[in-house]
Structure formats: C-alpha cells, structure tokens
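Reading through the structure tokens given below for one structure.
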Amino acid sequence: MYVILLLKFQKFYIFQFLGFLFRNGKKILSLSIKTQKCKSFCSAIDIYGAYPSLMIFGNQKYSSMLGIILTLIASTLTIFYLVQEVQELVSKSLPQTIQSEHLVTETSPYSLTNQNFTLTISVANVKQDPLKTIDKYFTITVQNCLRTRELNATTNQINVQNICVNYPTEACTPDNFVTDLQKEYFSKIRLGTVQCIKKEVLESNPPVLQGIVSGNKYSYITIKFAACKNSTEKVDCATMDEIQKELADGFYVVHLSDTLVQMSNPKNIQQNFIKMQFTSFSISTSKTIYQGFRIIQSMTDYGILTNDIQEDLFLTQQYFQESTAGYNQDYLVNHYLILDNKYTNYQRSYIKLLTILSKIGGLWQLIFVIFGTISKQYILMEMKVTLANKLFRFQQVENDLTQSLKKDLSIKQNLDKYVEKPQEKLPNNISNILQFLFGCKKERIKQLNQATLKIQKSLDIVEIMKRFQELEKLKQILLTANQKNLFDLIPIPLIKGDNQNKNDTDFTSSKKMTFSTSIHQNNDNFEKFVEAYRSFFQIQDMPDTTENIGQKIIKFLDQDLIKLFYDYHMDLEQRQAFLLLSEERKSKILVDQNFQFSDSKLSLSPCSSNQSEVQAVKIFLNNQSIKKKYCNQEV
C-alpha cells in the first residue's frame, strides 16, 4: 500500500512539473538563452583568463643550459641598471632641467621683507673706517616710489603720477635680522655704523618692486646719500667746510641679498647669500647707480608616481651700472633698485618610478633581442635533437661503423657495441649541435630533418583531428550498444590523498554519484540511467571471461553506481510483486525473511498455490540471490 501511494504521489508531482514546464517553457527557454549570451560576453571580455598550454618533457617550455646562462646574464644587467636608477630616484642628483627667459612689461608686486631680502647701508672714509657722523655731515634716505601711467579718455593724453613713501632708517641691531644667514653674516660687522630700515615699518609696510621703466606700473627703491643741509626742519648740520672735509673722499657701501641658482640641490634650487658692494664717492661729484634684480621662477616636480610641482619665486642680482657727473648740489650717490626687463623660468623634474620601469622594460627587450638572435638557432637545434632522440631511433651511418671497427681490436667488443647494444641516438653535446648548425654532418642532418618533418606532421591540427576520428571509429566498431552505455559512465581518474601514492590515479569516482536525486529532477538523466541499468544486467548475464570487454568496463564503474543499479533492480522487482498480489488476492502477501524456512511455511506446488503467488515468491528469491551476488562482488 505504501509503495502504491508513493507511486501515485510521484506521478502527481511529475505531471504538475511537466505542466509547469509546458506553460512557462518559452519564458524559461528565453531566460536560458539570455543567460548563456551574458556568460559568453563576460567570457569574451575577460582579459585575465588563463590559457591552457602544452608540456614538453614535463615543462611548459624547453630549457637549455645556454638559455639559462643568457637569462642570468640578462637578469644581472637589468638588476644592475635598476639599482642605479633607484639610487638616482632616491638621491635626486640628476634632474631634468628646462631653462627659458621671457620679456616682461608688467609684473606682480614683489614684496621685500626681512625673510627674503636684506638691505643695509653704511659710509666709510678712504681708510675704510666707518663714518659715525650721520645726520650731521651726511644723510641717508630710503624711498619706495610707484609711478603709474594712465590714459585720460577725455584729453587722450597719458597722465603720469609718481608717489614715493619714505622709510626711516636706524642703526642696525641684532633684532633687525631674523634669518640664520643674516645673523651669521652681521655677527662679524660693527652694527652701530650700519643703517637699516626700521623694523616696525618694514614689517607693517614692506617695500615693493614691480614692473619696468616702460610699463604702466613701475615701482622701485631709491637710496639717496647726500651731504647734510640745514633747513626749516633740520638745523643740526655741520658747517659746509666741515662737511667738505669729512666727505672729501670715501666709500658708499651697501649689503644686499643675492641668490645662486643650484639645480643640483634637490631640496631648494636657491642658495641665498649677502653681498657687500661699494663704490667711491667725492664731494665734488654726483654718482648715479642702477642695480637690476631679475625675478627667478622655479617649478620643481618632486613626484614619484604622479606630478607634485612646487613653485618658488626669488630675486637674483643681474647688473650694477653706475655713472658719474659733477656735483649737482643734491646728492653724492643716488642708488636705484629696480627689476630687470627679463625673468627666468626653471622647470626641474626628477625621474619617476614609471619611467624607470619603462626603461627597464626597454632594456630587457633590447637584451632579449640581442641574446635571442645569438642563441635562438642553437636552442632550436638542441630541442630538435633531444625531441627526436625521445621519439625515434636512428640508424648508424655505415662509414662511422666501419671506422670504429677498424679502431677496435676485438671483434667481440664490436659486436657488443654495435649489435647487442646499438647506438641509435643522435649525439646532443655542444660540439655536435654546432656541427649540425654549420652543416658539417650531412647524413645526420638528413636524419634529423626527417624526424623533424614527422614530428611537425604529428603536431598538425588536421592530423590530430584524424586521430580522434579514428578513435571514435574504433569505439563504434569494438563496443556493443550495452558497452557504449556503460563506457560513457566510467568516472574520471581520482587523485589519491595518500602521501605515498599521491601521483597515482585510480578510475574511481571522485565524487559520490547522486543519481537517486537527479532521477526525479531531470528526465534525461533518468532515461540514461535506465539504459545503463539494462545494459549492466545484460552484460552481467554474459559469460565471465577475462577477454569480455563489457566485464572490463564494469570493473572501472563506480561502486556507488553499481549499488544503485542493484537497489533499483530490487525495488522494481518488489513493486511488480506487490502489484501482482494486490490485483489477484486484494490483500498483503507475507513472505518470510528467512530463506531456509521458506519451504515449510509456504507450499509452492502448482496444485495448491495460485500462479501469481508462485511468481511473487520467485521474484523475492531472485532478489535474495542478487543481494548475495552483489555482496560477493563487493568483497
């Protein structure tokens, strides 16, 4: 009863499943096609897919001693070059520099502060002793002037306006110097006689240099050294005779910032220093000095992988021009600090990691081409000889044999050497391979060429396909239909996990066969299983001989699959027995489990039993014998 109910439920679910497939078959088929196209597209765009490769002598490529030596040499040269480039990258000692000069008419204001500029003034006599009589015999005036030119739209004329700002001076003290360079430089100078711009004024309103003389905005600095003159605002000057005696001759001295451009310095392109400049003066002359400063713009790329540009702007002294005329009763020295009409741009960059890698790749390719040109023919010839010796035997050349026979003293030794143990291989040492390359051994080269042609023919894809077709033909000719059904079920080889036999393979299943679940899920698998089941028992009934191909195929089948065949067979026989008994007698037939007492409990004579009962008992006894047979086979 339970078996009948189980069969009914199975039929019900099978019909339900088939109805679902019939109603939604088109949708499922369309979805399957789209999924397949998506998988194909993903597989096509995968650039990291791994390709299978053929092996030769257990390796993916043929290796030779010459190739190994050349590879080590190439690797050594490449690593040596890489170390040099990395040292250059770390030390930044060899920058790539681009220098360019540009004309300017208008520039941005450049402020002169204590941090980026130094300006001090002093006066000395002929004996180079500093004069301390400032504001009594002479005066020093510092001004920052801005001259602007504007076009008047109404009058169509250019209006020029010049505005100057006075910067008062004072005797320099250590507080006027903020940088280490200034402190070190002025520590050796007597500061009481040196004039500096007042610190508070310089910090609050630093002077500015901007533009050139022909520009619309022109800002410059003037330092006027003049004899002291009394006026309504100043009445403490010395007499003219004293002034003329004091300022008869002397030196006008300034201490100005200057800069050296050092492209080899990786940290900072500029090296600041303070330069002392002096010129002579006399009470009878007026001297004008034009000192030009050029703006230097540096752009340094410190990046290793990407650009990391740092920009710097500084001044460097460009020229110092002076002119002398008769005393004009106004000044002894008039010193102008102006900007040059040119500015210089330095672009500096260091080697990057990607550049090093590209150089290494180019060097490797160059070495590869050179060494490949040298060694390719030798390695190919060595590979041909080695491969030919593995696949073929070669007949000894008659001349070689006769010459060797004449050299040997014993005929027996000759027989042992050439008859019992014939030399059937091509020599593959260095000298013989070189002889093959230069064509010295014609007969040997001819044999090698014949072997090479055979190998190339065997590797032809058409020949390989022909061999597969021949194997398929042999399968069709040698195997019966039952043998073909079981042949397709032979499992793939199993790699054993035992360390002692880790390289051995066994034709047993690497995964448990789950035909019992797949039968109900896929009708095609079920039909294939039924065909294999029938073929299995048909072959089992054949004579058990060692030459039976079907029996040999069964030995390679998975044991779980064979057990599944027996379970399915017994289940099928039992269901047939229960169906026969239920149709004839409409009741359960109780069969004793013990085979030895079956004769005493049931009477099997044709006269006393129904024919269906006898058939059911025979099916049961057949199942018992099948169980015993499977147990014996498993043992």
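What the table shows:
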item: Those residues of region 163-222 which are among the aromatic types (Phe, Trp, Tyr) and under 20 Å from residue 141 (Cβ atoms), in sequence order; result: 167, 218, 220
item: Elements of type strands (runs of 3 or more DSSP E) contained in region 73-192, each with 1 or more residues being more than 56 Å from the chain's Cα centre (by Cα); result: 119-124, 138-152, 157-167, 169-171
item: Residue in region 255-263 that is more than 55 Å from the chain's Cα centre (by Cα), surrounded by 15 or more Cβ atoms within 10 Å (Cβ to Cβ) and over 30 Å from residue 284 (Cα atoms) present; result: no
item: Set 214, 257: member being of a type outside the set (Val, Ile, Thr), in contact with a strand residue (DSSP E or B) (Cβ under 9 Å, 6 or more places away or on another chain) and part of a loop (DSSP other than H, G, I, E, B); result: 214
item: Residue match in region 274-288 (condition: exposed (fewer than 15 other Cβ atoms within 10 Å of the Cβ), among the basic types (Lys, Arg) and either at pLDDT 90 or above or not in a strand (DSSP E or B) (or both)); result: yes
item: Of all residues making up region 81-93, the number that are aliphatic (A, V, I, L, M) and exposed (fewer than 12 other Cβ atoms within 10 Å of the Cβ); result: 2
item: Residues (surrounded by 14 or more Cβ atoms within 10 Å (Cβ to Cβ) and touching a Lys or Arg at 6+ places or on another chain (Cβ under 7 Å)) located in region 171-199; result: 176, 177, 193
item: Subset of region 105-129 (residues that are surrounded by fewer than 18 Cβ atoms within 10 Å (Cβ to Cβ) and not β-branched (Val, Ile, Thr)); result: 106, 108, 109, 111, 115, 116, 124, 125, 127, 128, 129
item: Top-ranked residue in region 313-327 [being farther than 21 Å from residue 207 by Cβ and surrounded by 12 or more Cβ atoms within 10 Å (Cβ to Cβ); ranked as farthest from the chain's Cα centre (by Cα)]; result: 327
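Conditions tested, residue by residue: (1) of a type outside the set (Lys, Arg); (2) outside any helix (DSSP H, G or I); (3) over 30 Å from residue 89 (Cβ atoms).
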residue: 346; (1), (2), (3): yes, yes, no
residue: 356; (1), (2), (3): yes, no, no
residue: 359; (1), (2), (3): no, no, no
residue: 367; (1), (2), (3): yes, no, no
residue: 378; (1), (2), (3): yes, no, yes
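The values are calculated or read from the model by the stated rules, or taken from the named source; none is laboratory data. Everything numeric in this text was worked out from a predicted model, so none of it was measured. Neighbour counts are summed over all protein chains in view; Cβ atoms, including those assigned to glycine, are modelled from backbone coordinates with ideal geometry.
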